[in-house]
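For reference, the structure discussed in these notes is given below.
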Amino acid sequence: MADKKQYIKWFLAELPQLTEKGIIQRECAALLEEHYRSRLAAFPAPQKVFALVSGIIGIVMVTAGVILFLNYNWDMFPKAVRITFAALPLVAGAGISYFTIISGNGRLWRETSAILTSAGAGTLIAVLSQIYHTGGELHEFMFLLLLLSLPLIFIFNSVGLASLYVVLSFWVNGWNITPWWNGLTVLLLLPWLIFSLREKSSVKVWCRYLTLLAGISFFAGCGGNRYYFLSTAMLMCSIFFVNGMDLAKEEGAFFKNPWLVPAFAVQTVLLAVGSSTDWLFRSYDSSRSAAEMWTFYGSNLILGAIFIVSFLKRRVTLERSLSLLFILVCFIPLMWREPVMRMIFNCCLGIGGVVFMRKGIKSASLLAFNGGAVMICVLTGCRFFDSDLGVLFRSAGLVLLGIGFMVSNWFFVRYCREASR
Amino acid sequence: MSKRKIWLSGLYTLALVLILWYPVGKILRFEFPAVKPVELKFKATVYDPYDPMRGRYVRLTVLPDRIETADKKSRFAYSPGGDKGYAVIEKTPSGFAKVLRLEKDPSKIGKGEIAVKVKGIYYNYGWKKTPAAYRFTWPFDRFYLNELKAPELEAELRNRRHPVVLKVRIFPSGDYAVAGLEK
């Protein structure tokens, strides 16, 4: 993609040399410079990004201060006065929001409008429960507040409020809560996240991290203890992995792709645990209520649809197909829980290792080669420790495994260097 | 004003109406109820105050939090935080609440009966002379105080042996509002 800031900068620096050597005409160089300077100006400047981030932090802090001020519990005032006080942040938020919409102000104003309106709603609800002493649970309050904040994220396209939303979604969580609440809060934000992840979005890199956090929140809330851990975790990892592979092809900088490595690591850990023990294949149907089962089926259906769309978006390759294989394998224990599953997981790790190493050698990619090597090492290591060998044998084996990993890497780096000549 | 701005203003107004729906509804329900609420008294003990965002409050253990039963097996599901259900109560001549029974299904609550949604229901099996019973937690478990008055009251309440009296208004819908705390 030509939309890379560093490539454009490099090309602009090359232009005088190209003109001097007569490779391109001066007029052509001037046109190119003008075109690419305008492209460069369209990128958000680091100062702008910093100002936006510090602006959002400032808004959040000021709002938190106002909430604390109102929560002082002004019991010397009559109820009507206290309710009026409690409504002030919401009124201020509404005023600023209408002003922002009508005047068409920039991002910081939009962020302020969204956060202030949402915090105003939260303050009013919290102070009312204080005035009437109605108590209530934190996760109930959070669920209500997040649902009320959701339209504001869409209306103002507010990345600040969306970030707060994802962080606060971890609080719609815990024992004895309605199982689909947490999943629903995360799924409702999904359209905005997908919209913000598009190529033209100025906050796409931030939203990649936010999506990862939303995935963890979804899973932390209702995946670990309420769903079938294995299948849902593998489905989610595969979504991130397939999209991460696509991003790896497009993006140069490593930090711009937070999906690939964590998803691969969790996939490998799941396969390794599945190949060593059968506790991942156990399910507790009897203790699950109908609501929990529907939550499981519903969310897996949505995640499955997202995976299929992500999978079919690009050309189907052997590496991409691996994720599909892993998902299918992880859904087998729902019907069939036998020790054979462990064997299947061993095969998956082996196949994965070979496929990624092959890909690494074919495309001279150190990342893919090492991914495959890690899978093979994990498989060998797990089976090695399962075997009934003495400690001395195992220590020697581990040392050999490490040396083998380093030597193969060294050879591969040399191979890549020679291949590039 | 452009079409886009008109749309955005309309959408924002809609969002604002949604936001206001809950608090305004709550104020109207509590201040102008269609049917007058019943004011009941509950005995309560005090523990563990303070909330970082909502300020000072006293946490209450509201009594009675146990009702004996002839059930040989729990009618409520076992879950880590206890099940939820409805406590059907009546007002004694002294104004205190007396728990008549616990119901899982709200349709089994008779017309005119006062019921409050309770949480954390556990079944205690009977043992020798101890009859089987259900333990539960009332939803009104806190009383907010001004941070200057709170420490004094908390210290006073913690050191005394007899419980405080909590006045609660119970609405026919099952909603409640704590009306006051009497020492």
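Some notes on this structure:
Rundown of residues vs (1) in a helix (DSSP H, G or I); (2) in contact (Cβ under 8 Å) with a residue 24 or more places away in the chain; (3) touching a Lys or Arg at 6+ places or on another chain (Cβ under 9 Å), yes/no style:
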| site | (1), (2), (3) |
| --- | --- |
| B:Pro139 | no, yes, yes |
| B:Glu147 | no, yes, yes |
| B:Glu152 | yes, no, no |
| B:Leu157 | yes, yes, yes |
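- Residues located in segment A:103-114, provided they are within 11 Å of chain B (Cβ to nearest Cβ), at pLDDT 90 or above and either under 17 Å from A:Ala64 (Cα atoms) or not in a helix (DSSP H, G or I) (or both): A:Ser113, A:Ala114
- Members of segment B:2-20 that are closer than 28 Å to B:Phe171 by Cβ and more than 9 Å from chain A (Cβ to nearest Cβ): B:Val17
- So A:Thr117, is it on the phi < 0 side of the Ramachandran plot, assigned to a helix (DSSP H, G or I), in contact with a Phe, Trp or Tyr (Cβ under 9 Å, 6 or more places away or on another chain) and within 8 Å of chain B (Cβ to nearest Cβ): yes
- Enumeration of residues in segment A:54-74 that are closer than 17 Å to A:Thr123 by Cβ and either part of a loop (DSSP other than H, G, I, E, B) or not hydrophobic (A, V, I, L, M, F, W, C) (or both): A:Thr63, A:Gly65, A:Asn71, A:Tyr72, A:Asn73, A:Trp74
- Those residues of segment A:230-270 which are touching a residue at least 12 places away in the same chain (Cβ under 8 Å) and among the small types (Gly, Ala, Ser), in sequence order: A:Ser231, A:Ala233, A:Ser238, A:Gly244, A:Ala248, A:Gly252, A:Ala263
- Residue in segment B:160-180 that is nearest to the chain's Cα centre (by Cα), counting only those that are without any contact (Cβ under 8 Å) to a residue 40 or more places away in the chain and either crowded, with 18+ Cβ neighbours inside 10 Å or part of a strand (DSSP E or B) (or both): B:Val178
- Meets criteria (in a helix (DSSP H, G or I), closer than 22 Å to B:Arg4 by Cα, at pLDDT 85 or above and within 9 Å of chain B (Cβ to nearest Cβ)) for A:Ile155: yes
- The single condition among (1) in contact with a strand residue (DSSP E or B) (Cβ under 8 Å, 6 or more places away or on another chain); (2) exposed (fewer than 15 other Cβ atoms within 10 Å of the Cβ); (3) without any contact (Cβ under 8 Å) to a residue 40 or more places away in the chain; (4) within 20 Å of A:Gln130 (Cα to Cα) that B:Thr92 does not meet is (4).
- Search result, residues across segment A:300-317 that are exposed (fewer than 14 other Cβ atoms within 10 Å of the Cβ) and in contact with a Lys or Arg (Cβ under 9 Å, 6 or more places away or on another chain): A:Arg314, A:Thr317
- Evaluation of B:Pro93 against (1) under 19 Å from the mean Cα position of the chain (by Cα); (2) farther than 30 Å from A:Ile153 by Cβ; (3) of a type outside the set (A, V, I, L, M) (one fails), failing number: (1)
- Residue check for B:Glu156: within 14 Å of chain A (Cβ to nearest Cβ) and at pLDDT below 85: no
- Residue in segment A:87-102 that is in contact with a Gly (Cβ under 8 Å, 6 or more places away or on another chain), crowded, with 17+ Cβ neighbours inside 10 Å and modelled with pLDDT under 80 present: no
- Check on B:Gly120, within 12 Å of chain A (Cβ to nearest Cβ), over 19 Å from B:Val164 (Cβ atoms) and in a strand (DSSP E or B): yes
- Residue within segment A:199-209 that is out of contact with any helix residue (DSSP H, G or I) (no Cβ under 8 Å at 6 or more places or on another chain), among the small types (Gly, Ala, Ser) and modelled with pLDDT under 90 present: yes
- Residue selected from segment B:22-47 under the condition more than 10 Å from chain A (Cβ to nearest Cβ) and of a type in the set (Ser, Thr, Tyr), by the criterion farthest from B:Arg160 (Cα to Cα): B:Tyr47
The rows are residues; the columns are (1) in a loop (DSSP other than H, G, I, E, B); (2) modelled with pLDDT of 85 or more; (3) farther than 14 Å from B:Ala133 by Cα.
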{"site": "B:Leu60", "(1), (2), (3)": "no, no, yes"}
{"site": "B:Ala70", "(1), (2), (3)": "yes, no, no"}
{"site": "B:Lys73", "(1), (2), (3)": "yes, no, no"}
{"site": "B:Ser79", "(1), (2), (3)": "yes, no, yes"}
{"site": "B:Glu90", "(1), (2), (3)": "no, yes, yes"}
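Per-residue answers, yes or no, for (1) at pLDDT 90 or above; (2) part of a helix (DSSP H, G or I):
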| site | (1), (2) |
| --- | --- |
| A:Ser283 | no, no |
| A:Glu292 | no, yes |
| A:Ala305 | yes, yes |
| A:Trp336 | no, no |
| A:Met341 | no, yes |
| A:Gly350 | yes, yes |
| A:Leu367 | no, yes |
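- Some residue of segment B:66-78 being away from chain A (no Cβ under 14 Å) and hydrophobic (A, V, I, L, M, F, W, C): yes
- So B:Phe30, is it of a type in the set (A, V, I, L, M, F, W, C), at pLDDT 80 or above, under 21 Å from the mean Cα position of the chain (by Cα) and part of a loop (DSSP other than H, G, I, E, B): no
- A single member of B:Ser94, B:Ser107 is on the phi < 0 side of the Ramachandran plot, at pLDDT 80 or above, of a type in the set (S, T, N, Q) and not in a loop (DSSP other than H, G, I, E, B), and it is B:Ser107.
- Residue check for A:Leu150: within 12 Å of another protein chain (Cβ to nearest Cβ) and modelled with pLDDT of 90 or more: yes
The values are calculated or read from the model by the stated rules, or taken from the named source; none is laboratory data. These figures come from a predicted structure and were not determined experimentally. Here Cβ is always computed from backbone atoms with ideal geometry, including for glycine, and neighbour counts include all displayed protein chains.
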